[in-house]
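Trainee: Just dropping this structure here.
The values are calculated or read from the model by the stated rules, or taken from the named source; none is laboratory data. Values in this document were obtained by computation on a predicted structure and should not be read as measured data. Glycine gets a Cβ as well: all are built from the backbone with ideal geometry, and neighbour counts include every protein chain shown.
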Amino acid sequence: MIIKLESVKKIYGETIKNTVLKGINLEIEKGTFNAIIGQSGSGKSTLLNIMGTLDKESEGEVYINGVSTKSLSKNDISALRNKEIGFIFQFHHLLPEFNAIENIMMPALIEGVKDAKTISKRAEFLLDKVGLLKLKNNMALNLSGGQQQRVAIARALMNSPEIILADEPTGNLDSDTTMEIYNLLREINKEFGTTFIIITHDNRIASLADRIIEIENGEIAKD
């Protein structure tokens, strides 16, 4: 089990409390491709952020590869996140002052990897994997929306994470590009055994996942 949530609650506010997640119990198998669906405000993104240690649960426990995040310091959680988890968002969040390959190298530089040759070789391999090696020196702003998202996918894979969490990764793309990106994610899932958890409003994407988890009012309605 690569991710496990036990009775996870998320409550915002002190005087007026807003319970966004209401005791989620969830296990994610290693190497699977999972879709999370649900209405806006149902708690999907909060759930994903807690699984990715970007947000902290109010109650309950989260395990990543068998390790409880509750016992870890902030620095240890940051190190775990940078090593084990890659993120893909609806907005690619590329750094406009850097080119494609420099954006991809960023997670390794943040982790403190000093070997520039190794980092560069890994980044070129990933750019080739997403079909953009010829554009490695293009500035981020000189790439199309679909190309920018491909660079974001390569960046998420830079540190060879076992888990990729994606929040509406094709939300800003047209129909054809959406399927291209989905097929690329599936290819990565199968080739590297990377575990994917994707929030999507696109029923085509959800229907092609190994598992569909539906969130409703902070609870798992269907699984």
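Trainee: Run down 101, 24, 50 and say which single residue is of a type in the set (A, V, I, L, M), buried (at least 20 other Cβ atoms within 10 Å of the Cβ) and in a strand (DSSP E or B). Let's see the steps before the verdict.
Mentor: Values: 101 fails: in a strand (DSSP E or B); 50 fails: in a strand (DSSP E or B).
Selected residue: 24, the only one of 101, 24, 50 that is of a type in the set (A, V, I, L, M), buried (at least 20 other Cβ atoms within 10 Å of the Cβ) and in a strand (DSSP E or B).
Trainee: With respect to residue 37, is the statement that it is surrounded by 15 or more Cβ atoms within 10 Å (Cβ to Cβ), aliphatic (A, V, I, L, M) and either closer than 19 Å to residue 156 by Cα or without any contact (Cβ under 8 Å) to a residue 60 or more places away in the chain (or both) true? Even if it seems obvious, please write down each step before you answer.
Mentor: On the way: surrounded by 15 or more Cβ atoms within 10 Å (Cβ to Cβ): yes; aliphatic (A, V, I, L, M): yes; either closer than 19 Å to residue 156 by Cα or without any contact (Cβ under 8 Å) to a residue 60 or more places away in the chain (or both): no.
No.
Trainee: Scanning for something over 24 Å from residue 211 (Cα atoms) and not aromatic (Phe, Trp, Tyr), does region 3-13 turn up at least one residue?
Mentor: Looking only at region 3-13, we keep the residues that are over 24 Å from residue 211 (Cα atoms), and these are 11-13.
In the following step, the residues that additionally are not aromatic (Phe, Trp, Tyr) were identified as 11, 13.
Looking through region 3-13, at least one residue is over 24 Å from residue 211 (Cα atoms) and not aromatic (Phe, Trp, Tyr).
Trainee: Hey, does region 93-102 have a residue that's among the aromatic types (Phe, Trp, Tyr) and within 19 Å of the chain's Cα centre (by Cα)?
Mentor: Taking region 93-102 as the starting set, the residues that turn out to be among the aromatic types (Phe, Trp, Tyr) are 98.
Restricting the remaining residues to those that are within 19 Å of the chain's Cα centre (by Cα) gives none.
Checked region 93-102: no residue is among the aromatic types (Phe, Trp, Tyr) and within 19 Å of the chain's Cα centre (by Cα).
Trainee: Looking at the structure I just gave you, is residue 91 touching a Leu at 6+ places or on another chain (Cβ under 7 Å), touching a residue at least 60 places away in the same chain (Cβ under 8 Å) and not in a helix (DSSP H, G or I)? Even if it seems obvious, please write down each step before you answer.
Mentor: Numbers: touching a Leu at 6+ places or on another chain (Cβ under 7 Å): no; touching a residue at least 60 places away in the same chain (Cβ under 8 Å): yes; not in a helix (DSSP H, G or I): yes.
No: the conditions fail for residue 91.
Trainee: Still on this structure, I have one more. For region 36-50, give me each residue that is touching a strand residue (DSSP E or B) at 6+ places or on another chain (Cβ under 7 Å) and on the phi > 0 side of the Ramachandran plot.
Mentor: 38, 43, listed by residue number.
Trainee: Considering only residues that are touching a strand residue (DSSP E or B) at 6+ places or on another chain (Cβ under 9 Å) and either of a type in the set (Asp, Glu) or over 30 Å from residue 178 (Cβ atoms) (or both), look in region 77-93 and name the one that is surrounded by the fewest Cβ atoms within 10 Å (Cβ to Cβ).
Mentor: Looking at residues that are touching a strand residue (DSSP E or B) at 6+ places or on another chain (Cβ under 9 Å) and either of a type in the set (Asp, Glu) or over 30 Å from residue 178 (Cβ atoms) (or both), I get 80.
Trainee: Now, a different point. Inspect all residues belonging to region 59-67 and state whether any of them is among the charged types (D, E, K, R) and in contact with a helix residue (DSSP H, G or I) (Cβ under 7 Å, 6 or more places away or on another chain).
Mentor: Step one: filter region 59-67 for residues among the charged types (D, E, K, R), giving 59, 61.
Within this subset, residues satisfying the condition of being in contact with a helix residue (DSSP H, G or I) (Cβ under 7 Å, 6 or more places away or on another chain) are 61.
Yes.
Trainee: Cβ-Cβ distance below 7 Å, separation of 6 or more or different chains: which pairs start in region 113-129 with a residue that is within 14 Å of residue 155 (Cβ to Cβ) and touching a residue at least 12 places away in the same chain (Cβ under 8 Å) and end on one that is assigned to a loop (DSSP other than H, G, I, E, B) and of a type in the set (A, V, I, L, M)?
Mentor: From region 113-129, the pairs are 119/113; 122/158; 123/158; 126/157; 126/158.
Trainee: Follow-up. I'd like the full set of residues that are in contact (Cβ under 8 Å) with a residue 24 or more places away in the chain, β-branched (Val, Ile, Thr) and in a strand (DSSP E or B), limited to region 53-67.
Mentor: Just the residues of region 53-67 that are in contact (Cβ under 8 Å) with a residue 24 or more places away in the chain, to begin with: 53-55, 57-66.
Checking which are β-branched (Val, Ile, Thr) leaves us with 53, 62, 64.
Those that are in contact (Cβ under 8 Å) with a residue 24 or more places away in the chain, β-branched (Val, Ile, Thr) and in a strand (DSSP E or B): 62, 64.
Trainee: Okay, moving on. Counting only residues that are of a type outside the set (S, T, N, Q) and farther than 28 Å from residue 46 by Cβ, how many does region 180-202 have? Outline the logic, then answer.
Mentor: The initial filter retains those residues of region 180-202 that are of a type outside the set (S, T, N, Q), namely 180-182, 184-188, 190-193, 196-199, 201-202.
If we keep only those that are farther than 28 Å from residue 46 by Cβ too, we end up with 180, 187, 190-191.
The qualifying residues number 4.
Trainee: Continuing with this model, one more query. Based on what the data block shows, is residue 108 at pLDDT 90 or above and under 25 Å from residue 30 (Cα atoms)? Let's see the steps before the verdict.
Mentor: Values: at pLDDT 90 or above: no; under 25 Å from residue 30 (Cα atoms): yes.
Criteria not met by residue 108.
Trainee: Counting only residues that are surrounded by fewer than 17 Cβ atoms within 10 Å (Cβ to Cβ) and either in contact (Cβ under 8 Å) with a residue 40 or more places away in the chain or over 13 Å from the mean Cα position of the chain (by Cα) (or both), give me the helices (runs of 4 or more DSSP H) lying completely in region 131-223 with at least 3 of them. Spell out the reasoning first.
Mentor: Details: elements: 145-156, 175-192, 203-207.
So the answer is 175-192, 203-207.
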